[in-house]
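So the structure is just underneath, and the comments pick up after that.
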Amino acid sequence: MVKLSTLAVTAVATLAGFVSAKDCNEGIQYCGWDLEGWDYNKYTPIMNRLLIAAGKDIEKEKYHSLFKCIDDGNDLELGDFCGDERCEKMTSKYCDYGHNDCCIIKNTF
C-alpha cells in the first residue's frame, strides 16, 4: 500500500511540471478576460496597474479592454477600451480570424 501511494504522489508531482501558464505573444492584442484566463496571477496585477494609471474602473473595464503584449510576454500595454462593444477573440469571425483580439459592435452578434 505504501508503494502505491508513493507512486501516486510521484506521478502527480511529475504531471504538475507539465502544467504551465500560457504566455501572450509579443505585439499581439488580447482581451483582458482572455489574458486573465491564461495566467490570473501573472496578468491580472499588470492589467489592474495599467487601468488604475489610466484612471479606469478595474472591475468595469478590465474584461472590456484590449492589452498589447510586450517584453516577450512579461508585460502589457493598455490598448483600446471596447466600451459598449464586446471584446472578442482573434479567432472569431468578428475579428476577421486575424492576429489580434478586437472590439465588436453589439448589434453585430
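Among the residues of region 57-81, those identified as farther than 22 Å from residue 22 by Cβ and in contact with a strand residue (DSSP E or B) (Cβ under 7 Å, 6 or more places away or on another chain) are 61, 80, 81. In region 50-58 there is at least one residue matching the filter, namely being at pLDDT 90 or above, in contact with a helix residue (DSSP H, G or I) (Cβ under 6 Å, 6 or more places away or on another chain) and either outside any helix (DSSP H, G or I) or surrounded by 11 or more Cβ atoms within 10 Å (Cβ to Cβ) (or both).
Looking at region 71-84 only, could you name the residues that are surrounded by 14 or more Cβ atoms within 10 Å (Cβ to Cβ) and assigned to a strand (DSSP E or B)?
Within region 71-84, the first condition is being surrounded by 14 or more Cβ atoms within 10 Å (Cβ to Cβ), and the residues that meet it are 73, 75-76, 78-82.
75, 76, 78, 79, 80, 81, listed by residue number.
Put simply, of 36, 26 the only residue that is modelled with pLDDT of 90 or more, of a type in the set (D, E, K, R) and in contact with a strand residue (DSSP E or B) (Cβ under 9 Å, 6 or more places away or on another chain) is 26. Starting from residues that are in a strand (DSSP E or B) and in contact (Cβ under 8 Å) with a residue 24 or more places away in the chain, keep the ones in region 85-109 and report whichever is nearest to residue 29 (Cα to Cα). Only one residue tops the list, namely 102.
The values are calculated or read from the model by the stated rules, or taken from the named source; none is laboratory data. Since the model is a prediction, treat every value here as computed from it, not as a measurement. So basically every Cβ, Gly included, is an ideal-geometry build from the backbone, and we count neighbours across all protein chains shown.
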